[in-house]
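Contents: one structure, followed by commentary.
The values are calculated or read from the model by the stated rules, or taken from the named source; none is laboratory data. Only a predicted model underlies this, so the values are computations on that prediction, with no experimental measurement involved. So basically every Cβ, Gly included, is an ideal-geometry build from the backbone, and we count neighbours across all protein chains shown. Just so you know, the surface numbers come from the protein's heavy atoms only, side chains and all, with ligands and any DNA or RNA stripped out. Shrake-Rupley method; radii C 1.70, N 1.55, O 1.52, S 1.80 Å.
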Amino acid sequence: MMAFPGMSQDVEVYSSINKYIETGRTAIINKDINLINEMLPDLILIKNISKDSCFSHKLTTERVGKEEFLRRIKRMFARDKQINVKVCDIAKDEGSGNPVRITRLPENPKSYLTHFQVVISSEHYTISGYLSMIVELHDNTPLIHLLMWQNSLNDGLNYRFDDTNITLDEFDL
């Protein structure tokens, strides 16, 4: 864990958040729209990085409400027979062995920024991106306040989302 290694409380926090992420991953694979609805926050940010020209990239941000996001997920479920979700190890270069980066937010000691890479695939497509969530723990039960997706570019540039200086101000809520 990035923010506070070595304490038993930290292991519980990491375990709670990881279990919650795995529950969400399984809900998508099983097309459990009711569980996904329970887990989603009211605000979802979708950041799209695209090639603007040969030498530059353009980043746009779309704010999506929960109901619209659920409509998009339902369309995906109707179109695709099988959906696979893989959480990739973005922290392997840090030697932690944990695929999810978790950082306590200084603004609220019970809130955490989680960050990980996800690959979603079906018979029709494969998308890769970075998922960040602001999660608050209540009795080790996670509550997602904000979900942010940022796509990866498949242009050989290996663009990586930098979350090292993210605070609540980053999300312009």
Next on the checklist: When the residues of the range 102-142 are narrowed to those that are free of Cβ contacts under 8 Å to residues at least 12 places away in the same chain and not polar (S, T, N, Q), which ends up most open to solvent (accessible area, probe 1.4 Å)?
Outcome noted: Asp139
Next on the checklist: For the range 110-128, which positions are closer than 20 Å to Lys19 by Cα and of a type outside the set (D, E, K, R)?
Outcome noted: Ser111, Tyr112, Leu113, Thr114, His115, Phe116, Gln117, Val118, Val119, Ile120
Item to check | Filter result for Ile46 (at pLDDT below 95 and either open to solvent by 70 Å² or more (accessible area, probe 1.4 Å) or closer than 22 Å to Ser122 by Cα (or both)) | outcome: yes
Next on the checklist: With the requirement that a residue be among the hydrophobic types (A, V, I, L, M, F, W, C), in a strand (DSSP E or B) and modelled with pLDDT of 85 or more, what does the range 82-126 give you?
Outcome noted: Val85, Val87, Ile102, Leu113, Phe116, Val118, Val119, Ile120
